[in-house]
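The values are calculated or read from the model by the stated rules, or taken from the named source; none is laboratory data. Worth saying up front: this structure is predicted, and the values here are computed from it rather than measured. Ideal geometry is used to build each Cβ from the backbone, glycine not excepted, and the neighbour counts take in all protein chains shown. The area values use the complete protein model at the heavy-atom level, side chains included, leaving out ligands, DNA and RNA. Shrake-Rupley method; radii C 1.70, N 1.55, O 1.52, S 1.80 Å.
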Amino acid sequence: MIRIGKTAEHEGLNPPEKAKKTVKRSGKLVIVESPAKAKTVGRFLGKGYIVKASVGHVRDLLRSELSVDVNDNFKPKYRVPNEKRAVVKELKQLAKNAEEVYLATDPDREGEAIAWHLMESVEVEPEQVKRVVFHEITEKAIQEAFSHSRQVDMHLVDAQQARRILDRLVGYSLSPLLWEKVRSRLSAGRVQSVALRLIVERDREIEAFIAEEYWSILAELKPEKEKSTFKAKLVKVNGQDPVLNTEEVVKPILIDLETAVYTISKIKRGERRRKPAAPFITSTLQQEASRRLGFTAKRTMAIAQQLYEGLDVGNGGSTGLITYMRTDSTNISKEAQQEARSYITQNYGNDFLPEKPPVYRTRTIAAQEAHEAIRPTSVSRHPDQLKPYLNSAQFKLYQLIWQRYLASQMEAAVYDTLSIEVSAVSPANEYLLRASGSVVRFPGFLVVYEESQDEDLNPDEEENVRIPASLEEGQQQKLMRLIPEQHFTQPPPRFTDASLVKALEEYGIGRPSTYAAILSTIQDRGYVVREGKRYIPTETGILVNDLLTHYFSEIVNTDFTANMEENLDEVASGEKQWVDVVRNFYQTFEPQLAHAQKEMPETKSELEKVGRACPECGHDLVIRWGRFGKFISCSNFPECRYTEPWLEKIGVHCPSCETGEIVERRTRKGRVFYGCSNYPECQFTSWKKPTPMPCPNCKGTLVIANKREVQCLQCQESFLLEMLEDGSPESA
């Protein structure tokens, strides 16, 4: 049941009611979040509707204080920020003259909360407001949504409000504690701290890991009267699993196998059906985009937002290309499934169409952002048709979503499997070797898409061996050679965007709308860095994690955080009151906070000296941390306020002025580039990272072009990086 209107916990948040005046109202006002969405929705609604964007949230907790009264049922104190007052003023005026006000914010808890805050800030009566929800921005979906409007669902609002208040209680309590005990500008969060803990603990597993040696033995065999060979792996010695942990153990077995007689003892032929992967949900989209496209979770969601809100694809206006991208449901509407089935029949034939539309199991935890998986709004919009209208990143992500969805509606792939057991008998022992392989008999969904392999799979897994078709049981085999291979066990790999999102989902930490924010926050705070695709904790991250896990062990905990998510789900469904959930949390949190404030030791380290004197007062210059990372300032602060930027040198002299050094810089949007430390006197810049190696041709500056090549800035020649490292200056 949907609960609407004000309740006790929401009282006091509105300005005093004014005397009602009779106002002649006309027209319909529709409020969405973004200008792009407003443009697309407005195109479909046509005349009679005024569509305006709130540009995200219009009201929030005050930034300057806790804004939560812990002594009065955790009542929040909201305020329209200065930058949103003009927007609210315009919306208020439009709402005053509108016959109906439609709140068409996103179809999740955050969107529901934005709708409620709009209703409160714009001072619209609940009976005048109509909430509309759509999961794709197409004409049909918009018309359907507006014909089935409802009231704002306060259960969903309460769940989002509880999350916001919980995060504020933790953040505004722990962050000042870290400033006092460790260093200014640090922060802690209810969910981000758990994600940081996963990364730090994985790093410690890697440090503590001790590699163990093991061996494998392959025999290359040739059947009688055959030219082709195949390889079989040793799996049993006298009926027991062999323990091949040293070369000394392996050598006698190799000698014995040289004299053995090899015979096919068993042949097993079979069939294997491989079903397609489910259509994307938020977490699987972020994982696959990371593995296949190299996108961060944040970038994936930003591009998906553009595809959802609408782009001009040559039909005279913006068109929404995918359904809503924050979801944990694998459901597909009947209409979309029918369209996909027609498309498959027309383009691939009936053999590729399953008898019944497939149904995929949604995650066991209740899907809070109910509704549909991420899919194209129309499967008939082939990626190649849209390519001229999309930028490279938009095209790649749309193509990935289109392929995954279409494949999910297709028939399974069928493989013919073959497993061979080979008996090897020597005078002293009996050995069993095994080879297995498979061949695609019917490709099914594979003609469209195949899910990429997890980056963290064991590289030593058995290969798909090519086996001659003429093998028969009892047939003798000729030993061509033995292949002993030494291996070492590998430590668990560091997290990537894909594997960290997967871990967060498996532990039940966060929800679809939070994964990207979690990963961005721990990087922005300087707690982790990404090297290649992998997350590595910084010294600061390790220190903060250790303090939080010691003094707040019950809260910075995967089980506790997952249980809290379940509690929020129950608030959203109306089974629990949000105040009770927050109170239960605070009863655990408050005594731990008091204990930490009293017992947590100060771990502030001395400021690192730069090795130069302040040009204004002569005191030492030191490295400090600010809102945007490292910077250099005077140790005599606040008496002396001299500062200068911190320049990250890369060990290369400037090729332009020859006196400066190349340093890493960032644009306002955070993109890394390289420039001279003598800027603005020297204007040298490069998007590609310069290297200390000189060009073999002209002795100019080489920059890294990609993983394999470097390019000279002067003569434009390209070289294979591995050749230069080996001392062979061969041009690519």
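Select from segment 28-47 the residues that are out of contact with any strand residue (DSSP E or B) (no Cβ under 6 Å at 6 or more places or on another chain) and assigned to a loop (DSSP other than H, G, I, E, B) and write down the one among them that is farthest from residue 306 (Cα to Cα).
Filtering segment 28-47 for residues that are out of contact with any strand residue (DSSP E or B) (no Cβ under 6 Å at 6 or more places or on another chain) and assigned to a loop (DSSP other than H, G, I, E, B), the one farthest from residue 306 (Cα to Cα) comes out as 47.
Any residue that is at pLDDT below 85, among the β-branched types (Val, Ile, Thr), part of a strand (DSSP E or B) and within 32 Å of the chain's Cα centre (by Cα) - is there at least one of those in segment 619-637?
Here is the first cut: in segment 619-637, the ones at pLDDT below 85 are 623-631.
So of that shortlist, the ones also among the β-branched types (Val, Ile, Thr) come out as 623.
Subsequent filtering for residues that are part of a strand (DSSP E or B) retains 623.
If we keep only those that are within 32 Å of the chain's Cα centre (by Cα) as well, we get none.
No, segment 619-637 contains no residue that is at pLDDT below 85, among the β-branched types (Val, Ile, Thr), part of a strand (DSSP E or B) and within 32 Å of the chain's Cα centre (by Cα).
Inside segment 528-540, can you point out the residues that are open to solvent by less than 40 Å² (accessible area, probe 1.4 Å) and modelled with pLDDT of 90 or more?
Filtering segment 528-540 for residues open to solvent by less than 40 Å² (accessible area, probe 1.4 Å) gives 528, 535-538, 540.
Within segment 528-540, 528, 535, 536, 537 meet the criteria.
Name, by its number, the condition in (1) of a type in the set (Ser, Thr, Tyr); (2) assigned to a helix (DSSP H, G or I); (3) open to solvent by less than 40 Å² (accessible area, probe 1.4 Å) that does not hold for residue 187.
Only one criterion in (1) of a type in the set (Ser, Thr, Tyr); (2) assigned to a helix (DSSP H, G or I); (3) open to solvent by less than 40 Å² (accessible area, probe 1.4 Å) is unmet by residue 187, namely (2).
Identify the single condition in (1) within 28 Å of the chain's Cα centre (by Cα); (2) surrounded by fewer than 21 Cβ atoms within 10 Å (Cβ to Cβ) that residue 426 does not satisfy, given that it satisfies every other one.
(1)
Filter segment 309-331 down to the residues that are open to solvent by 30 Å² or more (accessible area, probe 1.4 Å) and either closer than 15 Å to residue 372 by Cα or of a type outside the set (D, E, K, R) (or both) and list them by number.
Filtering segment 309-331 for residues open to solvent by 30 Å² or more (accessible area, probe 1.4 Å) gives 311-312, 314-316, 326, 331.
Matches in segment 309-331: 311, 314, 315, 316, 326, 331.
Taking residue 547 as meeting all but one of (1) of a type in the set (A, V, I, L, M, F, W, C); (2) surrounded by fewer than 23 Cβ atoms within 10 Å (Cβ to Cβ); (3) over 22 Å from residue 592 (Cβ atoms), write down the number of the exception.
(3)
I'd like the full set of residues that are more than 21 Å from residue 138 (Cβ to Cβ) and part of a helix (DSSP H, G or I), limited to segment 302-331.
First, pick out the residues of segment 302-331 that are more than 21 Å from residue 138 (Cβ to Cβ): 302, 328.
302, the sole residue that qualifies.
Test each condition in (1) over 21 Å from residue 189 (Cα atoms); (2) surrounded by 13 or more Cβ atoms within 10 Å (Cβ to Cβ) for residue 609 and report the one that comes out false.
(2)
Checking residue 507 against (1) in contact with a Gly (Cβ under 7 Å, 6 or more places away or on another chain); (2) open to solvent by 40 Å² or more (accessible area, probe 1.4 Å); (3) of a type in the set (Phe, Trp, Tyr), which single condition isn't satisfied?
(1)
Within segment 208-228, restricting attention to residues that are under 12 Å from residue 468 (Cα atoms) and open to solvent by less than 40 Å² (accessible area, probe 1.4 Å), which residue is farthest from the chain's Cα centre (by Cα)? Write out each step before concluding.
Of segment 208-228, the ones under 12 Å from residue 468 (Cα atoms) are 221-228.
So of that shortlist, the ones also open to solvent by less than 40 Å² (accessible area, probe 1.4 Å) come out as 221, 223.
Numbers: 221: 46, 223: 50 Å.
Among those residues, the one meeting the criterion is 223.
For segment 57-80, check the following and say yes or no: at least one residue is part of a helix (DSSP H, G or I), open to solvent by 10 Å² or more (accessible area, probe 1.4 Å) and either touching a helix residue (DSSP H, G or I) at 6+ places or on another chain (Cβ under 6 Å) or not acidic (Asp, Glu) (or both). Full working, then the answer.
We begin by selecting, within segment 57-80, every residue part of a helix (DSSP H, G or I); these are none.
No, that holds for no residue.
Among all residue pairs at least 6 apart or on different chains, which show Cβ distances below 6 Å where the first residue, located in segment 447-473, is under 26 Å from residue 405 (Cβ atoms) and the second is at pLDDT below 80?
That search, which allows pairs on different chains as well, returns nothing.
Is at least one residue of segment 123-144 farther than 28 Å from residue 67 by Cβ, in a helix (DSSP H, G or I), touching a His at 6+ places or on another chain (Cβ under 9 Å) and at pLDDT below 95?
Scanning segment 123-144, I find at least one residue that is farther than 28 Å from residue 67 by Cβ, in a helix (DSSP H, G or I), touching a His at 6+ places or on another chain (Cβ under 9 Å) and at pLDDT below 95, so the answer is yes.
Would you mention how many residues in segment 679-705 are outside any strand (DSSP E or B) and open to solvent by 70 Å² or more (accessible area, probe 1.4 Å)?
Going residue by residue through segment 679-705, those that are outside any strand (DSSP E or B) are 679-684, 687-689, 695-700, 705.
With the extra rule that they be open to solvent by 70 Å² or more (accessible area, probe 1.4 Å), the set shrinks to 679-681, 683, 687-689, 697, 699.
Residues meeting the conditions: 9.
Looking at (1) touching a residue at least 12 places away in the same chain (Cβ under 8 Å); (2) more than 30 Å from residue 522 (Cα to Cα), can you tell me which one residue 307 breaks?
Failing condition for residue 307: (2).
Residues being outside any helix (DSSP H, G or I) and farther than 23 Å from residue 280 by Cβ: count how many of those fall in segment 498-529. Even if it seems obvious, please write down each step before you answer.
Residues of segment 498-529 outside any helix (DSSP H, G or I): 508-514, 525-529.
Applying the additional criterion that residues be farther than 23 Å from residue 280 by Cβ yields 525-529.
The number of residues fulfilling the criteria is 5.
I need the full set of residues from segment 638-663 which are among the aliphatic types (A, V, I, L, M), surrounded by 15 or more Cβ atoms within 10 Å (Cβ to Cβ) and modelled with pLDDT under 85, in order please. Spell out the reasoning first.
As a first pass, look at segment 638-663 and keep what is among the aliphatic types (A, V, I, L, M): 647, 650, 652, 662-663.
Okay, now just the ones that are also surrounded by 15 or more Cβ atoms within 10 Å (Cβ to Cβ), so 647, 652, 662-663.
647 - this is the single residue of segment 638-663 that is among the aliphatic types (A, V, I, L, M), surrounded by 15 or more Cβ atoms within 10 Å (Cβ to Cβ) and modelled with pLDDT under 85.
Report yes if residue 501 is under 30 Å from residue 219 (Cβ atoms) and surrounded by 16 or more Cβ atoms within 10 Å (Cβ to Cβ), otherwise no.
No; evaluated as a whole, the condition is false for this residue.
Take the residues of segment 395-420 that are among the charged types (D, E, K, R) and in contact with a helix residue (DSSP H, G or I) (Cβ under 8 Å, 6 or more places away or on another chain): which is most open to solvent (accessible area, probe 1.4 Å)?
Just the residues of segment 395-420 that are among the charged types (D, E, K, R), to begin with: 396, 404, 411, 416.
From what's left, in contact with a helix residue (DSSP H, G or I) (Cβ under 8 Å, 6 or more places away or on another chain): 396, 404, 411.
On the way: 396: 91, 404: 10, 411: 44 Å².
Only one residue fits best here, namely 396.
Among the numbered criteria (1) without any contact (Cβ under 8 Å) to a residue 24 or more places away in the chain; (2) farther than 22 Å from residue 184 by Cα; (3) not in a loop (DSSP other than H, G, I, E, B), which single criterion is violated by residue 658?
Here residue 658 clears every test but (3).
Look through segment 685-732, keep the residues that are basic (Lys, Arg) and either at pLDDT below 85 or farther than 22 Å from residue 657 by Cα (or both), and return whichever of them is nearest to the chain's Cα centre (by Cα). Lay out the reasoning, then the answer.
Our first condition is that a residue be basic (Lys, Arg); within segment 685-732, this holds for 688-689, 699, 707-708.
Cutting the leftovers down to either at pLDDT below 85 or farther than 22 Å from residue 657 by Cα (or both) gives us 699, 707-708.
Working: 699: 42, 707: 23, 708: 26 Å.
So the residue we want is 707.
Given the conditions (1) part of a strand (DSSP E or B); (2) surrounded by 13 or more Cβ atoms within 10 Å (Cβ to Cβ), which single one is not true for residue 571?
(1)
Could you check segment 200-209 and list, in sequence order, the residues that are more than 10 Å from residue 545 (Cα to Cα) and among the hydrophobic types (A, V, I, L, M, F, W, C)? Steps first, please.
We begin by selecting, within segment 200-209, every residue more than 10 Å from residue 545 (Cα to Cα); these are 202-209.
Scanning segment 200-209 gives 206, 208, 209.
Search segment 561-590 for residues that are free of Cβ contacts under 8 Å to residues at least 24 places away in the same chain and farther than 14 Å from residue 109 by Cβ and pair each with any residue that is open to solvent by 10 Å² or more (accessible area, probe 1.4 Å) and in a helix (DSSP H, G or I) when their beta-carbon atoms are under 6 Å apart and the residues are at least 6 apart or on different chains.
Matching pairs, first to second residue: 576/570.
Residues are listed down the side, and each one gets a yes or a no for (1) surrounded by 15 or more Cβ atoms within 10 Å (Cβ to Cβ); (2) at pLDDT 90 or above; (3) in contact with an Asp or Glu (Cβ under 9 Å, 6 or more places away or on another chain); (4) not charged (D, E, K, R):
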| position | (1), (2), (3), (4) |
| --- | --- |
| 1 | no, no, no, yes |
| 4 | yes, no, yes, yes |
| 16 | no, no, no, yes |
| 21 | no, no, no, no |
| 44 | yes, yes, yes, yes |
| 54 | yes, yes, yes, yes |
